[in-house]
2 protein chains.
Amino acid sequence: MDPYGLRRVVSPKGVLPQRADVLDPSLPLGEDEVSIAVEALNVDAASFRQIEAAAGRDPAGIADDVLRIVQARGKLHNPVTGSGGMLIGRVEAVGPRHPAAGALSPGDRIATLVSLTLTPLRIDRIRAVRPEVERVECDGRAILFATGPWARLPPDLPDTLALAALDVCGAPALAARLLRRGMRVLVLGAGKSGALVLAQARESLAGTGEAVAADRSQEALDAVERAGLCDRALRVDGTDAVGTLAAVEGAGGPFDLVVNCATVAGTEMASILSVKDGGTVLFFSMATSFTAAALGAEGVGKDAAILVGNGYVPGHADLTLGLVRRHAGLRALFEARYAAPR
Amino acid sequence: MDPYGLRRVVSPKGVLPQRADVLDPSLPLGEDEVSIAVEALNVDAASFRQIEAAAGRDPAGIADDVLRIVQARGKLHNPVTGSGGMLIGRVEAVGPRHPAAGALSPGDRIATLVSLTLTPLRIDRIRAVRPEVERVECDGRAILFATGPWARLPPDLPDTLALAALDVCGAPALAARLLRRGMRVLVLGAGKSGALVLAQARESLAGTGEAVAADRSQEALDAVERAGLCDRALRVDGTDAVGTLAAVEGAGGPFDLVVNCATVAGTEMASILSVKDGGTVLFFSMATSFTAAALGAEGVGKDAAILVGNGYVPGHADLTLGLVRRHAGLRALFEARYAAPR
């Protein structure tokens, strides 16, 4: 058994696959691995834009660069940006000791919810490059380890919609663990993950408490209000802690739970000042600075639990797809903003 | 009322004191403020070493530089390192609406547990510079806001010992909230905060469960073992996640609680691999990378609560000083390693 895929590491020896320079994606399949016939790679936005720029925006050049990276590294781990993406495909074989043995069968369509930076991958042929959705359609084979999260692609939702929601499915699932009836919750950042967290708050609060959306974009606030996802919208600049605090004071005072889904840096203090003593701040923003959060709370003597938004929560994919199915406004918002070709 | 000291901000307007370039430390005192007759500044190590190097290791030059920073900024906020320190002094006056009115009286000796980067400060005279303890002895006045944590200096412990413990008093206090009888706990990093967390584990576990110390320094492990603070010591390099996992597997497998007190960067994955599914990782290391923790847990499908070590927990100072008083081994370790002039 090799739950972290150490046997796939070619160099340097003794590191985890994510840290490795080169992985070995070849068969035979380990008894606790799954192999996937790849249909498409959803490349991380930062990685795709870097490759696109380096290739002079030429689709054939992009395809060559992707092939070159995967041939050299055995994974689509962009050496410049350090980022990966996710993939979709059909299950080819399921090792008898993989945790999904019994649940997954050959032919099932799945998405991997683990980064391409640690997924062993071989590409046989690139069929198409779709810059408008940062996608590379290809034939190939990927390996999933026993610890690698995955999700079955739902037959009732378009791939683009499902993938857009699955991309941030940890946020509403972790929020669901923290939400209690009667809570006042502030969601800072009304984008993709913010909208999902607001939808989860709608369900968890069930008409009690209050769910407030905050963003510096009136357009983003209008979208979540139109979708019926919040009780109130606050237009604030989260990088302005003092201004955010004033808005929060004017909207009933600090919250029981603050979920930071911002995309910009420097919103730690606004989040900490917006929570009550004894409350919880959950940081999902990848722009979060650990020291700004830790020292910020200490500096203002705030007794709040501060949580790192772990992207893996058991059942997160089903929970998130359920939200998209049950909330027509959320689905419409995703279709309009995140799931359509740009 | 102005709990965050916004009235003290001179420039730029509208930011919190920590972000400000210049604060106003002058009287009159706000009704929710405390003024302190300063005895000594315990300068942050990074800040002191930078000033010392810039002044060519000359004490008079160090004094001049400290005076210059404080005169220019109204706080000892090193513009190069961005860091501060803490101070000790005697209470001069307590505003009637400060939360400590009633608890604090003029003449009481206290230490501020809030960074000097946000503490309004005026220095009248520098009496001595003590590079061996990174301390500047001076006459001056500091202001404490309503939200600023402080601690009474205990009459039964030397200042250096009390300050060394108070410097990291949030760690054992937050660990105390998470520790339950019967738990197996791993403390990664057997330094100052690690030793305090181990002592708290001794008390919270009360002979049940297991407290394991891990460090790459045999000397640090010997010290906590000699102090009677752990059930077992593991010599591991926390930057080597795979090696740490192997050591953990050999020592009974993943833990219920992992407290990261490491001083080096790159120990996030070792911490995450060392915790059970359903367990908790508490990061106190200021070298923690938010994204390494969040994406690391997601990449290996680890369902663990990941907490940012908030340095403020109500009662943290008393809890920590109590540990030092009750554990002779801990006290001896602190006296030998952290409280003595080097």
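The values are calculated or read from the model by the stated rules, or taken from the named source; none is laboratory data. Note that the structure is predicted; figures quoted are calculated from it, not measured. Neighbour counts are summed over all protein chains in view; Cβ atoms, including those assigned to glycine, are modelled from backbone coordinates with ideal geometry. For the accessible areas, the whole protein counts, side chains as well, though only heavy atoms, and no ligand, DNA or RNA atoms are used. Shrake-Rupley method; radii C 1.70, N 1.55, O 1.52, S 1.80 Å.
Does the stretch A:51-94 hold any residues that are surrounded by fewer than 19 Cβ atoms within 10 Å (Cβ to Cβ), part of a loop (DSSP other than H, G, I, E, B) and on the phi < 0 side of the Ramachandran plot, and which are they?
Correct list: A:A55, A:D58, A:P79, A:V80, A:T81.
Is there a residue in the stretch B:216-235 that is open to solvent by 30 Å² or more (accessible area, probe 1.4 Å), on the phi > 0 side of the Ramachandran plot and not hydroxyl-bearing (S, T, Y)?
Filtering the stretch B:216-235 for residues open to solvent by 30 Å² or more (accessible area, probe 1.4 Å) gives B:216-219, B:222, B:225-226, B:228, B:231-233, B:235.
Add one more test, that the residue is on the phi > 0 side of the Ramachandran plot, and what stays is B:228.
Then drop every residue that is not not hydroxyl-bearing (S, T, Y), which leaves B:228.
Yes, some residue in the stretch B:216-235 is open to solvent by 30 Å² or more (accessible area, probe 1.4 Å), on the phi > 0 side of the Ramachandran plot and not hydroxyl-bearing (S, T, Y).
So which residues in the stretch B:306-320 are within 7 Å of another protein chain (Cβ to nearest Cβ) and out of contact with any Phe, Trp or Tyr (no Cβ under 9 Å at 6 or more places or on another chain), if there are any at all?
The initial filter retains those residues of the stretch B:306-320 that are within 7 Å of another protein chain (Cβ to nearest Cβ), namely B:306-314.
Passing the criteria: B:N310, B:Y312, B:V313, B:P314.
On the given criteria, is A:D303 assigned to a loop (DSSP other than H, G, I, E, B), charged (D, E, K, R) and surrounded by fewer than 24 Cβ atoms within 10 Å (Cβ to Cβ)?
Yes; evaluated as a whole, the condition is true for this residue.
Do we find that B:R19 is open to solvent by 50 Å² or more (accessible area, probe 1.4 Å), more than 30 Å from B:P106 (Cβ to Cβ) and either in contact (Cβ under 8 Å) with a residue 40 or more places away in the chain or in a loop (DSSP other than H, G, I, E, B) (or both) in this structure?
Values: open to solvent by 50 Å² or more (accessible area, probe 1.4 Å): yes; more than 30 Å from B:P106 (Cβ to Cβ): yes; either in contact (Cβ under 8 Å) with a residue 40 or more places away in the chain or in a loop (DSSP other than H, G, I, E, B) (or both): yes.
The answer is yes for B:R19.
For A:E298, which of the numbered conditions (1) crowded, with 24+ Cβ neighbours inside 10 Å; (2) facing another protein chain (nearest Cβ under 7 Å); (3) outside any loop (DSSP other than H, G, I, E, B) fails to hold?
Tallying (1) crowded, with 24+ Cβ neighbours inside 10 Å; (2) facing another protein chain (nearest Cβ under 7 Å); (3) outside any loop (DSSP other than H, G, I, E, B), A:E298 fails exactly one: (1).
Looking at (1) open to solvent by less than 20 Å² (accessible area, probe 1.4 Å); (2) more than 25 Å from the chain's Cα centre (by Cα), find the lone condition where A:R7 falls short.
(1)
Hey, can you tell me all the residues within the stretch B:312-338 that are closer than 19 Å to B:G194 by Cβ, part of a loop (DSSP other than H, G, I, E, B) and open to solvent by 10 Å² or more (accessible area, probe 1.4 Å)?
Selection gives B:H327, B:Y338.
Do we find a residue being open to solvent by less than 10 Å² (accessible area, probe 1.4 Å), within 17 Å of A:A171 (Cα to Cα) and among the polar types (S, T, N, Q) anywhere in the stretch A:282-289?
yes
Considering the stretch B:284-294 alone, what residues qualify as being more than 7 Å from chain A (Cβ to nearest Cβ) and without any contact (Cβ under 8 Å) to a residue 40 or more places away in the chain? Break it down stepwise before answering.
Going through the stretch B:284-294, the residues more than 7 Å from chain A (Cβ to nearest Cβ) turn out to be B:284-285, B:287, B:292.
Correct list: B:A287, B:A292.
Scanning for something more than 20 Å from the chain's Cα centre (by Cα) and on the phi < 0 side of the Ramachandran plot, does the stretch B:110-119 turn up at least one residue? First the steps, then the outcome.
Initial filter on the stretch B:110-119 (more than 20 Å from the chain's Cα centre (by Cα)): none.
For the stretch B:110-119, residues more than 20 Å from the chain's Cα centre (by Cα) and on the phi < 0 side of the Ramachandran plot: absent.
In the stretch B:34-48, which residues are touching a helix residue (DSSP H, G or I) at 6+ places or on another chain (Cβ under 9 Å) and either part of a helix (DSSP H, G or I) or open to solvent by less than 20 Å² (accessible area, probe 1.4 Å) (or both)?
Within the stretch B:34-48, B:A40, B:L41, B:V43, B:S47, B:F48 meet the criteria.
As an exercise: evaluate A:L273 against (1) without any contact (Cβ under 8 Å) to a residue 60 or more places away in the chain; (2) at the interface with chain B (Cβ under 8 Å from one of its Cβ atoms); (3) of a type outside the set (D, E); (4) open to solvent by 10 Å² or more (accessible area, probe 1.4 Å) and give the number of the one condition it does not meet.
Every listed condition holds for A:L273 apart from (4).
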